[in-house]
2 protein chains.
Amino acid sequence: MNWWRTDATHDPALTCWVEGAQGHADFPIQNLPFGLFSPADGGPRAGVAIGEHILDLTALAEGGLLPAAVAVACREVPLNALLALAPADRRALRAALSGFLSDESRRATVEPALHAAGDCALHLPVRVGDYTDFYVGIHHATNIGRLFRPENPLLPNYKHVPIGYHGRASSIRPSGTPLVRPKGQVKGPADEAPAYRPTARLDYELELGVWIGAGNALGTPVPIAEAARHIGGFCLLNDWSARDFQAWEYQPLGPFLAKNFHSSVSPWIVTPEALAPFRIAQPPRPDGDPKPLSYLWDEADQSHGALALELVVLLETGRMRQAGLPPVRLSHGPASNMYWTVQQLVAHHSANGCNLAAGDLLGTGTISAPSRDGFGSLMELTVGGKEPLELGNGETRGFLEDGDTIILRATASAPGRVSIGFGECRATVLPAR
Amino acid sequence: MNWWRTDATHDPALTCWVEGAQGHADFPIQNLPFGLFSPADGGPRAGVAIGEHILDLTALAEGGLLPAAVAVACREVPLNALLALAPADRRALRAALSGFLSDESRRATVEPALHAAGDCALHLPVRVGDYTDFYVGIHHATNIGRLFRPENPLLPNYKHVPIGYHGRASSIRPSGTPLVRPKGQVKGPADEAPAYRPTARLDYELELGVWIGAGNALGTPVPIAEAARHIGGFCLLNDWSARDFQAWEYQPLGPFLAKNFHSSVSPWIVTPEALAPFRIAQPPRPDGDPKPLSYLWDEADQSHGALALELVVLLETGRMRQAGLPPVRLSHGPASNMYWTVQQLVAHHSANGCNLAAGDLLGTGTISAPSRDGFGSLMELTVGGKEPLELGNGETRGFLEDGDTIILRATASAPGRVSIGFGECRATVLPAR
């Protein structure tokens, strides 16, 4: 499957003439994620992150410097057409950009299209069609299951079915957009009647996001062996959750207002090509676990279909900000704590003929490590709020308070390779209105 | 609330010069629903149903015959902008059309914009943003709850929370589009392991659909007293369901592949203005039921917020079609079997700040009457397939077979008023691929 091919664009010896790009934690020349930005003096357009700069793809296209298919796709804003590019076109774009940014002799031509990232606004990169959230972090599913159903944390279907549900597309916002603490119906076990009030149990969820690139026709499932071809890119996703709403509303049809008030995504679309060197084997299923049905099973997917990705959650409270203290790390852990690969999610989602389209977003569900330092939500870290976290500056947190900022980060690493990152997925909690 | 005002456009004495419109069961001059159609010789454009004809709104707009705001909105295809028209603009359009079609002296001007409906194709009227399905048919919720949880049919939250969940927007199709029998994971209680196979328990669900017109900003709930202003129109919705997938997958996060393979809507958007004469009081809650929280409670909504709408489900099997037999009626009943008004659905959906937008679709959930002749799904009619229906031609049905066509219809009636209908929501089951 040449989709996972590592080539000259991944060469660790490649140098980049853009100041600050060399050794950049997120956006060295080996990454080249795309997104939608507005420079200080213009409207939204396609760009590529390189170090602390953004390269204006639309300007390059207008200058005749990009492959024809890419130039056409760049004209559509937001970037659904760019996301839908065939892998071969995406590779051609990547090769062209890698050449421009490493070849000092192209500098004079390309440099006018560079903007300092700090002067630009970043937008949601695409118009999100449908948003689906899965539940593949098995340690998260076990932790949460234990809180809601102590006797029955993992249900009998969990190891057969990549459990998922539909989420809300309209309230997805790019990193940096603050969220308003939502109001909703709550009724604790001890309350006589429900009340409508601001959530007292606001939580984050650390997830990996998958952007669908090429779609499939209604009625035509995507075979597991072809699922990778339908993935256009990756992002970080914070699935903000109001745990008190959730507990009261979620039976029998699942989460609704507990999760649809705001979801945050990192604005840069990290391409499958950029992640090629970081493909690893899916961890083997524990002894005794069932083998998935054949529509979910592909040997190549099992041997190369996971990602060597380290995920981190940081919290910066209002008091930390005022005191000039850095954010504290709440958790960190590998993305390999997913029970299913992202390709299995695509195959399952379309197994009944459901049509996916460019700009659809799949969330993996919260990815938690087995141990507490890798739990991907406060619900797990504080055992449902019962064991508040000490933040080290005298503050504690059961759930999030107004003014708290949650920052998600991700880094892909492999021996002998230049690490690449996803940039931040960050948002601050505003008081209820 | 003048949104529900009955005016001269509802006058039963109005006559219409379009042949066959007078006395038409669905589309007399008192209705005037809008939709997206293609005439035999042209591309998709806005139209209004009148009898067995379609009036080309875009042609009228280009001829300078429509109010400016309407003319601008008609230029956008699909018709999200038309759906987002302010109620005052919608009323102006209605008044203009009512005048054109009743005034014989306008006939020469308007008639060239009329197409025989049989020569036209009907499309999905808008680009569906997000689709949300509720569960407000209390008799349905009780019937289904009894099958899945005999000891506990209605959960404790049901009478406090308008239960809903997010559905799939991409697989919504207009009436007339056949659906492919989906494959999926099934595991019966007696099966040792799950299997991936075509559903053996394909069902329909009779629902009313609500099109959102004016949206709200993220973070800003819609007050119940203003909810009606955000409703742009109504349709019929068939929420096709694979009951065997559903039973195996739905815990803990709700229905997913059991319902996202295809949903059918009637193509005509029946406006709130057309339904003004058919507004009735919401049936009083049974003694002992809790009074809803204030964000869901509005006296005007209770006194005028329901609809006098009769809903009907028909089945035409392949054998009936071959034998020239008419479809058989499976059930019929009033829409007032909803435990919540559609305005309460809008207020609840946005109560946490979730943003609704023009083109969002809300389904009510299956509307069943208390007695068997009003059950809105086969799951209820056949008690989960255990008591197959006799169709009267020697055939029986537990669940749907390939070649079966389900037809939903709705008629609004009130004393002294001309009844109006929704047109058909029809689709035929194709064999699994």
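The values are calculated or read from the model by the stated rules, or taken from the named source; none is laboratory data. Remember, predicted model here, so these are calculated numbers, not experimental data. Cβ coordinates were reconstructed from backbone atoms using ideal geometry, including for glycine residues, and neighbour counts include every protein chain displayed.
Count of the range A:262-287 residues, restricted to those that are over 29 Å from A:Ile172 (Cα atoms) and either within 14 Å of another protein chain (Cβ to nearest Cβ) or aliphatic (A, V, I, L, M) (or both), is 2.
With respect to B:Arg107, determine if the residue is touching a residue at least 40 places away in the same chain (Cβ under 8 Å), closer than 30 Å to B:Glu299 by Cβ and either acidic (Asp, Glu) or not in a loop (DSSP other than H, G, I, E, B) (or both). No; evaluated as a whole, the condition is false for this residue. Against the criterion of being of a type outside the set (D, E, K, R), within 30 Å of B:Thr6 (Cα to Cα) and buried (at least 24 other Cβ atoms within 10 Å of the Cβ), B:Val270 qualifies.
Each row is one residue, and each column tells you yes or no for (1) crowded, with 23+ Cβ neighbours inside 10 Å; (2) of a type outside the set (A, V, I, L, M, F, W, C); (3) not assigned by TED's automatic domain parsing to the domain that holds A:Tyr165.
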site	(1), (2), (3)
A:Asp360	yes, yes, no
A:Thr364	yes, yes, no
A:Ala369	no, no, no
A:Gly403	no, yes, no
A:Arg409	no, yes, no
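Tallying residues that are touching a Gly at 6+ places or on another chain (Cβ under 7 Å), under 22 Å from A:Lys259 (Cα atoms) and outside any loop (DSSP other than H, G, I, E, B) within the range A:379-421 yields 1. There is at least one residue in the range B:161-181 that is over 30 Å from A:Gly219 (Cα atoms) and surrounded by 20 or more Cβ atoms within 10 Å (Cβ to Cβ).
Please verify whether the range B:381-396 includes one or more residues that are surrounded by fewer than 17 Cβ atoms within 10 Å (Cβ to Cβ), touching an Asp or Glu at 6+ places or on another chain (Cβ under 6 Å) and farther than 30 Å from B:Pro78 by Cβ. For the range B:381-396, residues surrounded by fewer than 17 Cβ atoms within 10 Å (Cβ to Cβ), touching an Asp or Glu at 6+ places or on another chain (Cβ under 6 Å) and farther than 30 Å from B:Pro78 by Cβ: present.
For the range A:267-289, filtering for residues that are farther than 15 Å from A:Pro415 by Cβ, touching a helix residue (DSSP H, G or I) at 6+ places or on another chain (Cβ under 9 Å) and not in a loop (DSSP other than H, G, I, E, B) leaves 1.
Considering only residues in the range B:300-337 that are touching a helix residue (DSSP H, G or I) at 6+ places or on another chain (Cβ under 6 Å) and within 20 Å of B:Trp4 (Cβ to Cβ), the one that is surrounded by the most Cβ atoms within 10 Å (Cβ to Cβ) turns out to be B:Leu309. Just one of the listed residues (B:Arg94, B:Arg75, B:Arg90, B:Arg45) is at pLDDT below 95, in contact with a Ser or Thr (Cβ under 9 Å, 6 or more places away or on another chain) and outside the structural domain of B:Ser263 (by TED's automatic domain parsing), namely B:Arg75.
Among the residues of the range B:231-242, the one identified as out of contact with any Leu (no Cβ under 8 Å at 6 or more places or on another chain) and within 18 Å of A:Cys354 (Cα to Cα) is B:Asp239. Is it the case that A:Ser371 is out of contact with any Leu (no Cβ under 8 Å at 6 or more places or on another chain) and away from chain B (no Cβ under 14 Å)? Yes, satisfied. Could you say whether any residue in the range B:189-197 is under 25 Å from B:Pro174 (Cα atoms), surrounded by fewer than 24 Cβ atoms within 10 Å (Cβ to Cβ) and assigned by TED's automatic domain parsing to the domain that holds B:Leu362? So far as the range B:189-197 goes, no, none of its residues is under 25 Å from B:Pro174 (Cα atoms), surrounded by fewer than 24 Cβ atoms within 10 Å (Cβ to Cβ) and assigned by TED's automatic domain parsing to the domain that holds B:Leu362. Is it the case, given these coordinates, that A:Gly145 is assigned to a helix (DSSP H, G or I), within 14 Å of chain B (Cβ to nearest Cβ), of a type outside the set (Phe, Trp, Tyr) and over 22 Å from A:Gly63 (Cα atoms)? In short, yes. Restricted to the range A:182-203, and to residues there that are facing another protein chain (nearest Cβ under 10 Å), in contact with a Phe, Trp or Tyr (Cβ under 9 Å, 6 or more places away or on another chain) and part of a loop (DSSP other than H, G, I, E, B), the residue that is farthest from B:Asn157 (Cα to Cα) is A:Pro182.
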